[in-house]
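Okay, structure first, notes after.
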Amino acid sequence: MKFDSLISILEKQLTLYMSLYQLAVKKVDMIKTNDISSLNQIMKEEQKHITAISALENERIKDLQKLFPKRETVPTISSCIEVAESEQKPILEDLFRQLTNILQKIKEQNDLNQELIKQSLQFVNYSLNLFQPRTNAMNYGPKAEDKSTNAAGVRSLFNSQV
């Protein structure tokens, strides 16, 4: 069976995934330096990549449905490798290996970025708590009404009167 169009689609997807990985690596520095504007730009680029990858995925599914019209489910790359001709089999195997590796790298990089963002948020919350510590009542009995707290019971960062 000939898989020329599938190979072409997979090569395009691999290129996009590699570029997406590079963007994920760049995000680490942006998160560390708290460069929000650059981070937003990278996220917009990532969104463009994801849109293009989704379009290629839809194209890949349509192509496989044409090649395997009697199958109810879309065949995997592994099942295509099994029925591929001898000259295309190593190409498909190599693409499968590369796609698997780059997707694993992207997952690991995104996990790292998520952890860095989580730590940044924890630091921001810690810093805010230093500026506005919670006050505890130092007496017995019902709570005295504190005018510096809002309806949620959180002390306001700024003392203001309306």
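Numbers below:
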item	result
Segment 1-28, subset of a type in the set (F, W, Y) and either surrounded by fewer than 19 Cβ atoms within 10 Å (Cβ to Cβ) or modelled with pLDDT of 95 or more (or both), residue nearest to E57 (Cα to Cα)	Y17
Residue, surrounded by the fewest Cβ atoms within 10 Å (Cβ to Cβ), within segment 82-113, restricted to residues that are over 18 Å from Y21 (Cα atoms) and in contact (Cβ under 8 Å) with a residue 24 or more places away in the chain	E85
Matching option when the condition is in contact with a helix residue (DSSP H, G or I) (Cβ under 6 Å, 6 or more places away or on another chain), part of a helix (DSSP H, G or I) and either surrounded by fewer than 12 Cβ atoms within 10 Å (Cβ to Cβ) or in contact (Cβ under 8 Å) with a residue 12 or more places away in the chain (or both), among L64, L116	L116
Of all residues making up segment 1-40, the number that are part of a helix (DSSP H, G or I), under 30 Å from S86 (Cβ atoms) and among the hydrophobic types (A, V, I, L, M, F, W, C)	7
Residue ID - nearest to I50 (Cα to Cα), chosen from residues in segment 70-81 that are surrounded by 13 or more Cβ atoms within 10 Å (Cβ to Cβ) and not β-branched (V, I, T)	P75
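The values are calculated or read from the model by the stated rules, or taken from the named source; none is laboratory data. Keep in mind the model is a prediction, meaning the values are calculated, not measured. Cβ coordinates were reconstructed from backbone atoms using ideal geometry, including for glycine residues, and neighbour counts include every protein chain displayed.
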